[in-house]
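*Asks:* Here it is: the structure, laid out below.
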Amino acid sequence: MSARLIDGKAISEQVLQETQDGVTQFRAKHGCAPGLAFVRVGEDPASVVYVGAKAKMCERLGIQSQTFVLPAITSESQVLELVRSLNGQKSIHGILVQAPLPDGMSQDRVFEAIDPAKDVDGFHPMNVGKLAVGDPGGFIACTPAGVHQLLIRSGIEIAGKHVVVLGRSRIVGKPMALILMEKGKYADATVTVCHSRSRDLPSLTRQADILIAALGRNRFVKADMVRDGAVVMDVGITRVPDSSKKSGFRLEGDVDFGSVSEKASWITPVPGGVGPMTIAMLMANTLKAAQFSM
Ligand code: GUN
């Protein structure tokens, strides 16, 4: 079988267009724009690129963004102070502190200082808890929410299917499993979560109707780990040094695309699959935060 490609670029454009329409309506109704604050600590090169791309997307959609850049030597208490001050600003509806934070700074403490009503990343324990109990009033982490939208908008049936999630991270694996095991039309899956300590991974991944790879190990999933006709969602994104590229690197997913695409029924490419969805869902969460605040 040769897999059909799930076009993350095209589907993210749908989400962005819908969000832009929502932003236009919000501005007309309330006379102000949804506001998103970015906090970047230090000069991690990937973070510089990601925050820049997110800010540019805000501009395109009519979301007012502000970026706060603090030097890497900033203390944790100064970052917490900034977050608390942003919590108190009415024109800021969403706050995103870009990870990774410098060594020695507690990511958990910083994320937990964000007002849950402004936590457009969906990382705050309050929002993770809302997802776990099926409360739709919280924020869901953007990457797993994006994978969910890719499945829904590609018309892939989820109910009753066996989904195997490879990876148990707080940001992707755990919320992904919670989203898909929830009751409802676009969920109702049987979910297995595997990780680095799971015994005989290939025997588990071969049971998947839908396999979601989110381990952060490039080209880890080979064809012999995938069942014929499975849907394969690749969340991985690793920079591999490549002197033939102008940037000096190429991007690889967690899936060995060449061999797995021969077996799967649907597959996401890297780049151009899950990646563009993360930013689109961030924009959608920001609009939701602004709407909820009114
Ligand atoms: N670093 C890489 N991805 C993300 C993300 O989605 N949110 C935050 N806050 N930091 C990140």
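*Asks:* Within 10 Å, at most 10 other Cβ atoms, and a DSSP state outside H, G, I, E, B define an exposed site. Report the longest part of the chain free of exposed trypsin sites (Lys or Arg not before Pro). Intermediate values should be presented prior to the final figure.
*Replies:* On the way: sites that count: LYS90, LYS183, LYS185, ARG197, ARG199, LYS246.
That would be 91-182.
*Asks:* A further question on this structure: Can you tell me what share of the DSSP beta bridges in the chain is antiparallel? A percent to the nearest 5 is fine. Mind showing how you got there, number by number?
*Replies:* Values: 4 of 33 bridges.
Antiparallel bridges: around 10 percent, rounded to the nearest 5.
*Asks:* On to the next question. Within 12 Å, Cβ to Cβ, of PRO202, how many net charges do the neighbouring residues add up to if Lys/Arg are +1 and Asp/Glu are -1? Walk me through the numbers on the way to the answer.
*Replies:* Values: positive: ARG199, ARG206, LYS222, ARG227; negative: ASP200, ASP224.
Its environment carries a net charge of +2.
*Asks:* Taking the Cα centroid of the stretch 1-56 and of the stretch 240-272, what is the distance between the two, rounded to the nearest whole Å?
*Replies:* Taking the Cα centre of the stretch 240-272 as reference, the centre of the stretch 1-56 is 23 Å away.
*Asks:* For the stretch 1-69, run through the GluC sites (Glu not before Pro) and keep only the ones in DSSP coil with at most 15 other Cβ atoms within 10 Å of their Cβ.
*Replies:* GLU43
*Asks:* Right, here's the next one. Looking at this model, which pairs from LYS54/LYS185; LYS29/LYS54; LYS9/LYS56 are more than 19 angstrom apart at the alpha-carbon?
*Replies:* LYS54/LYS185; LYS29/LYS54
*Asks:* Which ordering of CYS142, CYS194 is given by a fewest-first count of other beta-carbon atoms within 10 Å?
*Replies:* The fewest-first ordering by Cβ neighbours comes to CYS194, CYS142.
*Asks:* Under 23 Å between alpha carbons, and skipping anything fewer than 8 positions from LYS183 in its own chain: which lysines qualify?
*Replies:* Partners within reach: LYS130, LYS161, LYS174, LYS288.
*Asks:* With θ taken as phi - 60° and the coefficients 6.51, -1.76 and 1.60, list the Karplus ³J(HN,Hα) couplings across the stretch 232-248 in order, rounded to whole Hz; mark glycine and proline as x.
*Replies:* After applying 6.51 cos²θ - 1.76 cosθ + 1.60, I find 10, 10, 10, 8, x, 8, 10, 8, 10, x, 8, 6, 6, 9, 4, 6, x Hz.
*Asks:* At 7 Å along the Cα-to-beta-carbon direction for both GLN291 and LYS222, put a label point, then send me their distance in nm to one decimal.
*Replies:* It works out to 4.7 nm between the two label points.
*Asks:* Cut-off is 10 Å between beta-carbons; in what order do HIS148, HIS93, HIS195 appear when sorted fewest neighbours first?
*Replies:* HIS195, HIS148, HIS93
*Asks:* Please list, ordered by chain and number, the residues whose modelled amide H lies under 5 Å from the amide H of VAL97; skip anything fewer than 5 residues away on the same chain.
*Replies:* VAL39
*Asks:* For the stretch 50-116, take every pair of Cα atoms, bin their distances at 10 Å starting from 0, and report each bin as a whole percent.
*Replies:* 18, 51, 28, 3
*Asks:* I would also like to ask the following. Cross-link partners among lysines for LYS222, C-alpha distance below 19 Å, same-chain residues fewer than 8 apart left out?
*Replies:* LYS263
*Asks:* Would you compute, from DSSP H runs of 4+ residues alone, the mean residue ellipticity of the chain at 222 nm, taking -39500 (n - 2.57) per run and dividing by the full residue count, rounded to the nearest 500?
*Replies:* -12500 deg cm²/dmol
*Asks:* Around ARG239, with a cut-off of 11 angstrom between Cβ atoms, what is the net charge of the other residues, counting Lys and Arg +1 and Asp and Glu -1?
*Replies:* 0
*Asks:* Provide the gained length on full extension for the span LYS183 to VAL69, in nm with one decimal, where the gain is 0.36 nm per separating residue minus the Cα-Cα distance.
*Replies:* Length difference between fully extended and current span is 36.9 nm.
*Asks:* R0 = 22 Å: FRET efficiency of THR24 with GLN89, Cβ-based, nearest 0.05?
*Replies:* Between THR24 and GLN89 the formula returns 0.45.
A short reminder: the numbers here are calculations on the coordinates, not readings from a lab. Keep in mind it's a predicted model, so treat the numbers as computed, not measured. Don't worry about glycine lacking a Cβ; one is built from the backbone with ideal geometry, like all the others, and counts go over all protein chains shown.
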